[in-house]
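Report on the following structure.
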Amino acid sequence: MSLRVAVVGATGAVGSVMLRLLRERGFPAPEIVPFASERSVGRELDGGLVVQRLADDTIRGFDVALFSAGATRSREWAPRFVAAGAVVVDNSSAFRMDDDVPLVVAEVNREALDGHRGIVANPNCTTMVAMLPLKALHDAFGLRAMVATSYQAAGGAGQKGIDELVAQIAPLAADVRQLCDDGAAAAAKVPPPPLSSAASSAARPWHDCAAAGDPRDAETNAASASDDRAGRRITNWLHAAEREAPQRRHLGRGRIRKGLP
Ligand SMILES: NC(=O)c1ccc[n+]([C@@H]2O[C@H](COP(=O)([O-])OP(=O)(O)OC[C@H]3O[C@@H](n4cnc5c(N)ncnc54)[C@H](OP(=O)(O)O)[C@@H]3O)[C@@H](O)[C@H]2O)c1
């Protein structure tokens, strides 16, 4: 197998890790093409790949397109990649709740891929990681319900969140004692957040941030709300599959859908 792969959002926090893992794990892709916004077109990335512009003539001829450039870009460009012949794996919130798009964690419900129509969604990082031990627990004991609260790292706000945190570290580390004695004075030393104080709200649960009117960008908050629903969608899938056991491993997607509450 030899694949031509597009990575959309290749300069971002997630996309850059995608590129690195494709390289490190020897993914069978002789050609990997990075895409990003107009700001980055022409930029050379680690490994010598050059960022391309999203356009009808640049998206042709891909087998797989990995999307991690935000839901707006996914809604606009994923169907165009599919029309041009690619299978899209979308890491944004754009299609997570779309009944026509399978929501897949490979180790949990790879059967849901059967009959996909070109776009496959995956849950957000928190849900995705939680699903692996949850599936093992479910297989062993049969989970009925779960209450979860996630605490997002600064990186959850993307490269801007990481940059903001890095800029805060040096001034704060210069006087650690002040952090204990006079937090307000310490906070006054850090540059004003270009984004929204993603780092300072990093230790608050997502639903708190939303309720408190956290100024984090609207798309990120919407993605978080969608994650809650996406987690429920996968959990529902597990319940439905459990009800239909023992034939579960042989079920096609259509039958699983019928079992959904
Ligand atoms: N960070 C996480 O932990 C995490 C986890 C799971 C899912 N996600 C999802 O993954 C997606 C990306 O997140 P991220 O954290 O990597 O964000 P990010 O660091 O802000 O990166 C965004 C990427 O999208 C590109 N982009 C922005 N506008 C574009 C446009 N108009 N056309 C083409 N490309 C454009 C950016 O290119 P430029 O560099 O040129 O601006 C950059 O490559 C989001 O949907 C997010 O919800 C993030």
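The values are calculated or read from the model by the stated rules, or taken from the named source; none is laboratory data. These figures come from a predicted structure and were not determined experimentally. Using ideal geometry, Cβ is built from the backbone for each residue, glycine included, and neighbour counts are taken over all protein chains shown.
Taken over segment 32-55, the criterion of being at pLDDT 95 or above and charged (D, E, K, R) is satisfied by GLU38, ARG39, ARG43, GLU44, ARG53. As a summary of the residue check, ALA29 satisfies the conditions (1) buried (at least 20 other Cβ atoms within 10 Å of the Cβ); (2) touching a helix residue (DSSP H, G or I) at 6+ places or on another chain (Cβ under 7 Å) except for the one numbered (1).
Contact map, segment 57-82: first residue without any contact (Cβ under 8 Å) to a residue 40 or more places away in the chain, second residue part of a loop (DSSP other than H, G, I, E, B) and more than 15 Å from the ligand (Cβ to nearest atom), Cβ cut-off under 7 Å, separation 6 or more or different chains; pairs are ARG60/ALA84; VAL82/GLY118.
So that you can scan it fast, the table gives a plain yes or no per residue for (1) crowded, with 20+ Cβ neighbours inside 10 Å; (2) more than 25 Å from GLY156 (Cα to Cα):
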site: GLY9; (1), (2): yes, no
site: ALA13; (1), (2): no, no
site: SER16; (1), (2): no, no
site: ASP63; (1), (2): no, yes
site: PHE67; (1), (2): yes, no
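For ASP98, the test of being more than 25 Å from ASP139 (Cα to Cα) and among the charged types (D, E, K, R) is passed. Checked across segment 108-125, the condition of being within 19 Å of the chain's Cα centre (by Cα) and surrounded by fewer than 14 Cβ atoms within 10 Å (Cβ to Cβ) holds for at least one residue. Please tell me if ASP139 is at pLDDT 90 or above and within 29 Å of LEU54 (Cα to Cα). Spelling it out, it is not the case that ASP139 is at pLDDT 90 or above and within 29 Å of LEU54 (Cα to Cα). Considering segment 50-93, and only residues there that are of a type in the set (D, E, K, R) and in a loop (DSSP other than H, G, I, E, B), the residue that is nearest to the ligand (Cβ to nearest atom) turns out to be ARG53. Here the condition is being touching a residue at least 24 places away in the same chain (Cβ under 8 Å), at negative phi and more than 15 Å from the ligand (Cβ to nearest atom); of MET146, MET131, it holds for MET146 alone. Of the listed requirements (1) loosely packed, with under 13 Cβ neighbours inside 10 Å; (2) of a type outside the set (Lys, Arg); (3) more than 12 Å from the ligand (Cβ to nearest atom), VAL105 misses just one: (1). Of the residues making up segment 27-39, those that are more than 12 Å from LEU3 (Cα to Cα) and either part of a loop (DSSP other than H, G, I, E, B) or of a type in the set (Phe, Trp, Tyr) (or both) are PHE35, ALA36, SER37. Taking the numbered list (1) assigned to a helix (DSSP H, G or I); (2) within 12 Å of the ligand (Cβ to nearest atom); (3) exposed (fewer than 15 other Cβ atoms within 10 Å of the Cβ) in turn, GLY42 passes all entries but (1).
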